[in-house]
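Beneath this line is the structure, given in structure tokens, with notes to follow.
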Amino acid sequence: MTRTPVMADNLPPLFVELLGDGYEVLPWDTSADSDSLRRAAAFITYSHPRVDGPLLDRAPNVKVVSNHGVGVDHIDVAAAVERNIPVGNTPGCLDGSTADMTFALILATARNIVIGDHYARSPEFTLYDPSLMIGKEVHGSTLGIVGLGRIGKQVARRACAFDMRVLYHNRRRDPAAEAEFNAEFRTLDDLLAESDFVALNCPLTEETTNLISTPQFEQMQRSAVLINMSRGAVVDTDALYVALSTGRIAAAGIDVTQPEPLPREHPLLKLRNLVLTPHLGSASDRTRRCMIEMSIENLRAGLAGQPLPYRVG
Ligand code: DGY
């Protein structure tokens, strides 16, 4: 049987199993004399390697780029479209799990889950002390969602169950969402000033790069918590360190960083008011399987010259 060569990075066993025998998975190799680039009929971008025009020009047989994940900021989609190469992604199926994780970070930062866990295991915990690690109330507080798209709406739905007041900032107002979640539209500055928790659920674009930097931290309450579930570059990393280390804001729950990962000696890693996770937004069992299945559907359609079921651009 002839197997279709596809260049992919770091595919886990489940992906390879679901792909089946019809494919030869070539290593992600962008070196000057790459055999993978010369032969590949498709790219699968699993851990988000960079794909741009010059790379596509060195891969003359590529018919489709299938991305595992909804965010495609690592792919120059315009360059692919110019070359008639469709780009697929996996929208929708990860909204619930990413919203769950947004809430995991809200709860972890508000209620000292991580430092509490370390303390409860340590020899220092010898007596129940009711004055210890008093956190912030989550229910009944105000959540500002930046980016009320598919994921942001799932966050808003969960916020309603926590009896939170929901503010949102988007490029456009969304009257249906306002009605469904009793959400109130705000300018970014007003949202930052009024929110107890600010959740970033927007995509990374030119417009959102460094959206949250020193002037924005200055707008926030000193007691506020920043949650970033979008992309690291939406937040200015240096400004985040200053805001957390000087008490300009109370805490942050961050799933994504710029760069990712942070250098191991980065000062942010030493802060106790930061809860950090390694890009786990959609990392749950059912969601990961669904993302793999959608990536494979896009791959097959692109290779067959058919419209991609989930196409970007
Ligand atoms: C996404 O979908 O973009 C997440 O970051 C997981 O890849």
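The values are calculated or read from the model by the stated rules, or taken from the named source; none is laboratory data. Given the structure is predicted, the values throughout are model-derived calculations rather than measurements. Glycine also receives a Cβ, built like all others from the backbone with ideal geometry; neighbour counts cover every protein chain displayed. Side chains are part of the model used for accessible areas, which takes the heavy atoms of the whole protein and leaves out ligands, DNA and RNA. Shrake-Rupley method; radii C 1.70, N 1.55, O 1.52, S 1.80 Å.
Filtering segment 293-313 for residues that are within 12 Å of the ligand (Cβ to nearest atom), open to solvent by less than 40 Å² (accessible area, probe 1.4 Å) and among the aliphatic types (A, V, I, L, M) leaves a non-empty set. All told, Pro278 falls short of being out of contact with any His (no Cβ under 8 Å at 6 or more places or on another chain), more than 16 Å from the ligand (Cβ to nearest atom) and under 30 Å from Ala80 (Cα atoms). Only one of the numbered conditions (1) under 16 Å from Met7 (Cα atoms); (2) more than 16 Å from the ligand (Cβ to nearest atom); (3) among the hydrophobic types (A, V, I, L, M, F, W, C) is not met by Val87, and that is (2).
Considering segment 1-101, the qualifying strands (runs of 3 or more DSSP E), each wholly inside and each with 2 or more residues that are surrounded by fewer than 20 Cβ atoms within 10 Å (Cβ to Cβ) and in contact with a Ser or Thr (Cβ under 9 Å, 6 or more places away or on another chain), run over 23-27. Count, please, the residues in segment 57-76 that happen to be over 25 Å from the mean Cα position of the chain (by Cα) and more than 17 Å from Gln306 (Cα to Cα). Count: 4. Considering segment 248-272, and only residues there that are open to solvent by less than 60 Å² (accessible area, probe 1.4 Å), without any contact (Cβ under 8 Å) to a residue 40 or more places away in the chain and not in a helix (DSSP H, G or I), the residue that is nearest to the ligand (Cβ to nearest atom) turns out to be Val256.
Are any of the residues in segment 249-263 among the charged types (D, E, K, R) and over 15 Å from Leu200 (Cβ atoms)? No.
Within segment 220-236, the set of residues being among the hydroxyl-bearing types (Ser, Thr, Tyr) and surrounded by 18 or more Cβ atoms within 10 Å (Cβ to Cβ) comprises Ser230 only. Of all residues in segment 297-308, those that are of a type outside the set (Gly, Ala, Ser) have Cβ atoms under 9 Å from Cβ atoms of residues that are open to solvent by 70 Å² or more (accessible area, probe 1.4 Å) and in a helix (DSSP H, G or I), 6 or more apart or on another chain, in Gln306/Arg300; Leu308/Glu297.
Cβ separations smaller than 8 Å between residues 6+ apart or across chains give the following pairs from segment 202-219 residues that are open to solvent by 40 Å² or more (accessible area, probe 1.4 Å) to residues that are of a type in the set (S, T, N, Q): Pro203/Ser230; Leu204/Ser230. Restricting attention to segment 150-177, the residues that are among the small types (Gly, Ala, Ser) and surrounded by fewer than 20 Cβ atoms within 10 Å (Cβ to Cβ) add up to 2.
Listed by first and then second residue, the pairs linking a residue in segment 33-53 that is without any contact (Cβ under 8 Å) to a residue 12 or more places away in the chain to a residue that is assigned to a loop (DSSP other than H, G, I, E, B) and away from the ligand (no atom under 16 Å from the Cβ), with Cβ atoms under 6 Å apart and 6 or more places separating them unless they lie on different chains, form an empty list. What pairs come out if I take residues in segment 77-96 that are closer than 15 Å to Gly305 by Cα and pair them with residues that are among the charged types (D, E, K, R) whose C-beta lies under 6 Å away, six or more apart or interchain? Pairs that qualify, where the first residue is closer than 15 Å to Gly305 by Cα and the partner is among the charged types (D, E, K, R), are Pro86/Arg311; Gly88/Arg311.
Name the single residue that is nearest to Gly69 (Cα to Cα) among those in segment 133-152 being out of contact with any Phe, Trp or Tyr (no Cβ under 8 Å at 6 or more places or on another chain) and among the hydrophobic types (A, V, I, L, M, F, W, C). This residue is Ile151. Considering only residues in segment 43-77 that are among the hydrophobic types (A, V, I, L, M, F, W, C) and within 15 Å of Pro203 (Cβ to Cβ), the one that is farthest from the ligand (Cβ to nearest atom) turns out to be Val77. Could you go through segment 221-236 and let me know if any residue there is part of a strand (DSSP E or B), touching a residue at least 12 places away in the same chain (Cβ under 8 Å), within 12 Å of the ligand (Cβ to nearest atom) and over 19 Å from Ile106 (Cβ atoms). So far as segment 221-236 goes, no, none of its residues is part of a strand (DSSP E or B), touching a residue at least 12 places away in the same chain (Cβ under 8 Å), within 12 Å of the ligand (Cβ to nearest atom) and over 19 Å from Ile106 (Cβ atoms).
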